[in-house]
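Below is one structure, written out as structure tokens; the observations come after it.
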Amino acid sequence: MKVKSWFSMGLLVLGLLSVLAIKASEQPVRADDDADTTTKTVAVDESTEPSTEAEPVSDADETKEDADEASEQKVTYGRYNPLNQFERWVIEQKGTERAGTGGYTENKKEGTYICRRCNAKLYRSGDKFESHCGWPSFDDEIKGAVRRQTDADGYRIEILCANCDGHLGHVFHGERMTEKNTRHCVNSVSMKFIPKGKKIPPMIKPSSEKPE
Ligand SMILES: [Zn+2]
């Protein structure tokens with residue numbers, strides 16, 4: 001009896017150890033450079049890449065930008081803007097419009113990009129740049145407007161409207177396209193452009209969030 005139980009204990013330990021060993025060997029290799037195979041892959045020579053250069057933003061800069069940004073956005077409570085089928089597919093089901101087909105890719109006008117579904121201010125024209133990737137690209141967002149989460153594919157970073165959680169696109173770092181080394185790749189259909197000087201509609205929050 002005793003021998004047998006020692007034996008089964010041994011087996012158990014062995015089993016555990018081999019599971020751990022397999023787990024360890026399965027650790028996925030971080031593949032930074034294949035972050036987005038659909039867009040032009042940019043510079044892979046990581047030897048010179050200063051990876052610590054994340055996105056330092058000076059405070060002074062930010063307060064200045066906020067002042068330009070027509071103060072606080074008004075808030076209204078109720079239903080989000082109605083969406084057509086394609087908008088629903090992109091915004092609610094995380095679809096992606098085909099490269100080069102979105103209405104704002106080439107837009108160079110001054111103004112603000114707001115969320116198509118809830119009107120929350122997302123991006124400024126001043127942060128838009130030409131990436132030639134086929135989608136509107138920004139190297140910064142309006143502070144607090146964009147939420148990030150790991151994409152369902154496990155490696156890209158999905159960006160969502162911080163207010164309504166609508167899908168915007170993905171954000172990429174380290175491509176060295178601009179000084180901020182960041183590219184928000186956003187579906188045109190997730191946004192609405194409000195030219196400078198035009199009134200920005202209030203941000204819509206669900207009625208359930210209305211304070212008493
Ligand atoms: Zn939104």
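The values are calculated or read from the model by the stated rules, or taken from the named source; none is laboratory data. As the structure is a computational prediction, the values presented were derived from the model and not from experiment. Every residue, glycine among them, receives a Cβ derived from its backbone with ideal geometry; neighbour counts consider all protein chains shown.
Against the test of being surrounded by 10 or more Cβ atoms within 10 Å (Cβ to Cβ) and at pLDDT 50 or above, the options GLU49, GLU69 yield a single qualifying residue, GLU69. Every condition in (1) away from the ligand (no atom under 16 Å from the Cβ); (2) within 16 Å of the chain's Cα centre (by Cα) holds for ILE159 except the one numbered (1). The residues on offer are LYS109, LYS121, and the sole one that is more than 16 Å from the ligand (Cβ to nearest atom) and basic (Lys, Arg) is LYS109.
Only residues that are of a type outside the set (S, T, N, Q) and either in a loop (DSSP other than H, G, I, E, B) or at pLDDT below 95 (or both): list them for segment 75-84, please. Across segment 75-84, the qualifying residues are GLY78, ARG79, TYR80, PRO82, LEU83.
One residue stands out in segment 131-150 among those that are away from the ligand (no atom under 16 Å from the Cβ) and loosely packed, with under 14 Cβ neighbours inside 10 Å: the one that is farthest from GLU72 (Cα to Cα), namely HIS132.
Every residue, every condition in (1) within 16 Å of the ligand (Cβ to nearest atom); (2) assigned to a strand (DSSP E or B); (3) surrounded by fewer than 20 Cβ atoms within 10 Å (Cβ to Cβ), yes or no:
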residue: ASP165; (1), (2), (3): yes, no, yes
residue: PHE172; (1), (2), (3): no, yes, no
residue: CYS185; (1), (2), (3): no, yes, no
residue: LYS199; (1), (2), (3): no, no, yes
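Filtered by the rule that a residue be in a loop (DSSP other than H, G, I, E, B) and of a type in the set (A, V, I, L, M, F, W, C), segment 128-156 gives CYS133, TRP135, ILE142, ALA145, ALA152.
Here ASP153 does not fit the description of being more than 16 Å from the ligand (Cβ to nearest atom), touching a Phe, Trp or Tyr at 6+ places or on another chain (Cβ under 9 Å) and not hydroxyl-bearing (Ser, Thr, Tyr).
Scanning segment 167-175 finds no residues that are over 23 Å from ASN81 (Cα atoms), of a type in the set (D, E, K, R), touching a residue at least 24 places away in the same chain (Cβ under 8 Å) and touching a His at 6+ places or on another chain (Cβ under 7 Å).
Within segment 85-120, being in a helix (DSSP H, G or I) and touching a residue at least 60 places away in the same chain (Cβ under 8 Å) holds for PHE86, GLU87, VAL90, ILE91.
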